[in-house]
Amino acid sequence: GWTYTITNAKAGSIISANDKYYDSYHKWYSGQAFSYYAVSLNGTDFTDIATSRTPTGEDRNVLFTGTEFYSYGRLQPVPRSITFSKSSDFRTWTNPIEIFKSTQSNIEYYHLSVIQTSSGYFGLLNVYYKGNAGQDVEQMPPYADKEHTTAIQLAYSINGIDNWRILNNGKEFIPKPAGVKQMFCWMSLINGIVYIYTAQSNRRHTTYENSNINGRYYYSAEYKISLSDLLKYVQ
């Protein structure tokens, strides 16, 4: 069975490195979300040590390369795209820069979950399809085909910073089950296995459909792929 310990960690991206635990999360101020960075020695009690003065969105991902911390956020409010910051100590961060942006007017990038491998960096890219006429989340029904849905694509960069490209011919890396309109993903590499966890919903990503309590109709699933199989996508 599971054993639970209550912590003061905020919901975000938490990693373990150098015998410490590192948490990147967000807070909202004046309609914009900002990055906060916290550290814990025991995985239970976290202390804030840094924040970003540049808005970086809700969704985030941090990783440790062995020498530096990388933080991936989201440029906001629109168009949504992926930002990058780095730090040598998790306390002093470079100013977020835009590193990955859609070239299609009806597509935006919500979130990028990244892992480091010996052959480069792989990212699960959360792609958001706006309204066909460019409408954002305020659009009212009816909705057509992909309007206000999200999908997962596989992306790759040699250095994890620039020259990101989408693999798998732009197809959904994890196809959404029947009826699912939104799927978001995060991944971790552990002992040669890539673990992928989703949050998915049958509702579209609009203010109208999300007027209920946030998260009420979301559920999660686990997927696994070997690192050797993942590497085949760039061969």
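Taking the Cα of Ala144, stepping 7 Å toward and past its beta carbon, and measuring to each backbone N in segment 168-182: which are under 20 Å?
Correct set: 181-182.
Expressed as a rounded percentage, what relative contact order does the chain have, with Cα pairs under 8 Å and six or more residues apart?
11
List the chymotrypsin sites (Phe, Trp or Tyr not before Pro) within segment 1-72 that DSSP assigns to loop and that have no more than 14 neighbouring Cβ atoms inside 10 Å.
Trp2, Tyr4
Once both labels are modelled 7 Å past Cα along the beta-carbon direction, what's the Asn8-Asn95 spacing in nm?
Label at Asn8, label at Asn95, 3.2 nm between them.
Please compute the modelled spin-label separation between Asp19 and Asn163, points set 7 Å along Cα→Cβ, answer in nm with one decimal.
Label-label distance for Asn163 and Asp19, simple model: 3.8 nm.
If you take the alpha carbon radius of gyration of the chain and divide it by 2.2 N^0.38 Å, what ratio comes out, to two decimals?
Cα Rg divided by the expected 2.2 N^0.38 Å: 1.00.
Over 19 Å between Cα atoms, which of Lys101/Lys181; Lys130/Lys181; Lys101/Lys130; Lys101/Lys171 qualify?
Lys101/Lys181
Give the lysines whose C-alpha is closer than 28 Å to that of Lys20, dropping any in the same chain fewer than 8 places away, or say none.
Lys10, Lys86, Lys224
Using Cα-Cα distances under 8 Å and only pairs 6 or more residues apart, what relative contact order does segment 99-235 have, in percent?
Reported relative contact order: 20 percent.
May I ask you to compute the full-extension gain from Thr117 to Thr207, defined as 0.36 nm times their residue separation minus their alpha-carbon distance, rounded to one decimal in nm?
28.6 nm
Dipole size in debye (nearest 20) for segment 9-107 around its Cα centre, Lys and Arg Cβ +1, Asp and Glu Cβ -1?
In total the dipole reaches around 300 debye.
Per-residue HN-Hα couplings for segment 141-153, Karplus 6.51 cos²θ - 1.76 cosθ + 1.60 at θ = phi - 60°, whole Hz, x for Gly and Pro?
Rounded to whole hertz, the list is x, x, 10, 9, 4, 8, 3, 6, 10, 10, 9, 10, 10.
State the extension gain, in nm to one decimal, for the chain segment bounded by Tyr217 and Tyr233, taking 0.36 nm per residue of separation less the distance between their alpha-carbons.
2.5 nm
Report, please, the projected area of segment 167-235 averaged over directions, based on the convex hull of its C-alpha atoms, in nm².
Average of the hull's projected areas for segment 167-235 equals 5.6 nm².
Run through segment 130-235 and list the chymotrypsin sites (Phe, Trp or Tyr not before Pro) located in a DSSP loop whose Cβ has at most 15 other Cβ atoms within 10 Å.
Taking segment 130-235 and a limit of 15 other Cβ atoms within 10 Å, the loop chymotrypsin sites (Phe, Trp or Tyr not before Pro) found are Tyr208, Tyr217.
Per residue, how much accessible surface does the chain expose to a 1.4 Å probe? Answer in Å², no decimals.
About 52 Å² of surface per residue is accessible.
What part of the accessible area of the chain, given as a whole %, is carbon or sulfur when the probe is 1.4 angstrom?
C and S atoms contribute 50 percent here.
May I ask you to list the trypsin sites (Lys or Arg not before Pro) in segment 184-235 that are in a DSSP loop and have at most 13 other Cβ atoms within 10 Å of their Cβ?
Arg216
Ala221's amide H: which non-local residues (gap 5+, or another chain) put their own amide H closer than 5 Å, with H modeled 1.01 Å from N in plane and none for Pro or chain starts?
Excluding prolines and chain starts, which carry no amide H, the hits are Thr198.
Would you please give the residues with an amide H less than 5 Å from that of Arg203, counting only those at least 5 places away or on a separate chain, with H modeled from the backbone geometry?
So Arg203 has HN proximity to Lys181, Gln182.
The values are calculated or read from the model by the stated rules, or taken from the named source; none is laboratory data. Since we're looking at a predicted model, the values are computed, not measured. As a convention, Cβ positions derive from the backbone with ideal geometry for all residues, glycine included, and neighbour counts pool all protein chains shown. Note: areas computed on protein heavy atoms with side chains; ligands, DNA, RNA excluded. Shrake-Rupley method; radii C 1.70, N 1.55, O 1.52, S 1.80 Å.
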